[in-house]
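Enquirer: First, the structure itself, so that you have it in front of you.
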C-alpha cells in the first residue's frame, strides 16, 4: 500500500510518501503528481518501506516530465534502502536530492503558512520577519 499526503507551499508541493512504491501502487504516485502539476515537486521518501523496478521507473519518468515541463523534481529523506537501490542502478546522480538547508527552508515556509493561516504576524526561523516565499522556492523558480 502507498499513502501520499500533499503539502502545498507556494510553487512547491511536498508529496509525503509512506509504504511501498511498487508495481501495484507506482501509477498512483504518478497520477497524483501530474494532477497537481507543481513547478517544484518534492518527494519525501522517509517512510518508504520498499521500491521495485516499477517504482524506480515512475521516479525516472517523473524526473523526465519535470525537465520537459520546466519544473523540478527533488527527492528528500531517502531511506538507506532507496538510496542503495538508486546507487546500484547508477541513477542517484539523475535525481536532485534536497540538501539540509533546502529542507529547513521548506519547513520554515510550512511554519510561515501555518502562522499566516492564524492571521498572526510571525517571525521566520531566524527570528526575523519573512516574506511568504523563502529562498528555496525563489531560487528554484
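Enquirer: At a 10 Å Cβ-Cβ cut-off, how would you order 7, 25, fewest neighbours first?
Expert: In increasing order of surrounding Cβ atoms, one gets 7, 25.
Enquirer: Label-point separation (nm) for residue 87 and residue 23, each offset 7 Å from Cα along Cα-to-Cβ?
Expert: 2.8
Enquirer: How far apart, in nm, are two points set 7 Å out from the Cα along the Cα-to-Cβ line at residue 113 and at residue 39?
Expert: Calculated label separation equals 1.5 nm.
We did not get these values from a lab; they are worked out from the coordinates using the rules stated. A quick note: this is a predicted structure, and the numbers were derived from the prediction, not measured. Using ideal geometry, Cβ is built from the backbone for each residue, glycine included, and neighbour counts are taken over all protein chains shown.
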